[in-house]
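> Here it is: the structure, laid out below.
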Amino acid sequence: MISTDMAAYYAKRAATYEEIYQRPERQDELLTLQVRVQELMEGHDVLELACGTGFWTEQIAASANSVLATDINPEMIALAKSKNLPADTVSFALQDINDFQPERQFTACFLGFWWSHVGRQDQVKFIAKLREKLGKDILLVMIDNSYVEEVSTPIARTDAEGNTYQFRTLPNGERYEIMKNFPTDSGLRKKLSPITRELRILRLEYYWLLSCRIK
């Protein structure tokens, strides 16, 4: 049986999630991204959605004024808290990315490896919700995966909307089908240019980083 419960999949992967960041061939690119994230987040009050294990929370906290890191999974939040990040800068909240209601003002929003899980048909609506909740001119920074032949998990199918899916298998043998989109630079610009400004894309071999301000 193949499950499509993405939250359950990531909850069960929590303890081993950061293994992907240990791969030798990715170290140079990760360093480039860490430096860029710190530059972009400097002095900002940041809302981090889907923070996962806190890997990027730590990078944001190095230069941001404050960070509220949120995730739907208690397992992920527990791992993020275990990093002992500075309490005067970083706070955590258990929140669904689709239902969150910010209780204070933010100047930036960070999305690490989440855009690929937003259906192509829902992406404009997703940005509109961010604008509604955070306000216009908010700085949005996103990082996600590039598709690399013979390295990335193969794409299992493509639906009518053009979303792509992968089969993921946990160590215990459980199988999941996960939506994982790999947009091109032109695809990102076509989708986001009408609703953002100052859009910039850094395309690497294994990752991409996008920064913009929501109109």
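> How about the stretch 150-182: which of its residues are open to solvent by 70 Å² or more (accessible area, probe 1.4 Å) and assigned to a loop (DSSP other than H, G, I, E, B)?
Those that are open to solvent by 70 Å² or more (accessible area, probe 1.4 Å) and assigned to a loop (DSSP other than H, G, I, E, B): Glu150, Pro154, Ala160, Glu161, Pro171, Asn172.
> I'm checking my understanding of the structure. Among residues of the stretch 12-31 that are closer than 12 Å to Tyr206 by Cβ and touching a helix residue (DSSP H, G or I) at 6+ places or on another chain (Cβ under 7 Å), which one is surrounded by the most Cβ atoms within 10 Å (Cβ to Cβ)?
Leu30
> If a residue must be surrounded by 13 or more Cβ atoms within 10 Å (Cβ to Cβ) and on the phi > 0 side of the Ramachandran plot, how many such residues does the stretch 32-57 contain?
Qualifying residue count, the stretch 32-57: 3.
> Being among the small types (Gly, Ala, Ser), crowded, with 20+ Cβ neighbours inside 10 Å and assigned to a loop (DSSP other than H, G, I, E, B): is that true of Ala64 here?
Yes; evaluated as a whole, the condition is true for this residue.
> Looking at the stretch 70-79, can you tell me whether even one residue there is modelled with pLDDT of 95 or more and assigned to a strand (DSSP E or B)?
Yes, the conditions are met somewhere in the stretch 70-79.
> Related question: Considering the stretch 124-149 alone, what residues qualify as being open to solvent by 30 Å² or more (accessible area, probe 1.4 Å) and among the β-branched types (Val, Ile, Thr)?
Within the stretch 124-149, just Val124 meets the criteria.
> Being within 21 Å of Ile143 (Cβ to Cβ), open to solvent by 60 Å² or more (accessible area, probe 1.4 Å) and assigned to a helix (DSSP H, G or I) is the filter here, so list the residues in the stretch 80-121 that pass it.
Arg120
> Select from the stretch 198-215 the residues that are surrounded by 13 or more Cβ atoms within 10 Å (Cβ to Cβ) and either free of Cβ contacts under 8 Å to residues at least 60 places away in the same chain or part of a helix (DSSP H, G or I) (or both) and list them in ascending order.
Leu199, Ile201
> Given (1) in contact with a helix residue (DSSP H, G or I) (Cβ under 8 Å, 6 or more places away or on another chain); (2) part of a loop (DSSP other than H, G, I, E, B); (3) of a type in the set (Gly, Ala, Ser), identify the lone condition not met by Gly43.
The failed condition is (1).
> Just give me the residues in the stretch 122-149 being assigned to a loop (DSSP other than H, G, I, E, B), among the acidic types (Asp, Glu) and touching a residue at least 24 places away in the same chain (Cβ under 8 Å), in sequence order.
Hit for the stretch 122-149 is Asp137, nothing else.
> Which one of these does Ile72 not meet: (1) open to solvent by less than 30 Å² (accessible area, probe 1.4 Å); (2) in contact (Cβ under 8 Å) with a residue 24 or more places away in the chain; (3) within 15 Å of the chain's Cα centre (by Cα)?
The failed condition is (1).
The values are calculated or read from the model by the stated rules, or taken from the named source; none is laboratory data. This structure is a prediction, so every number in the text was calculated from the model and none was measured. A quick note on method: Cβ atoms are made from the backbone with ideal geometry, for glycine too, and the neighbour counts reach across all protein chains shown. For accessibility, only protein heavy atoms count, side chains too; no ligands or nucleic acids. Shrake-Rupley method; radii C 1.70, N 1.55, O 1.52, S 1.80 Å.
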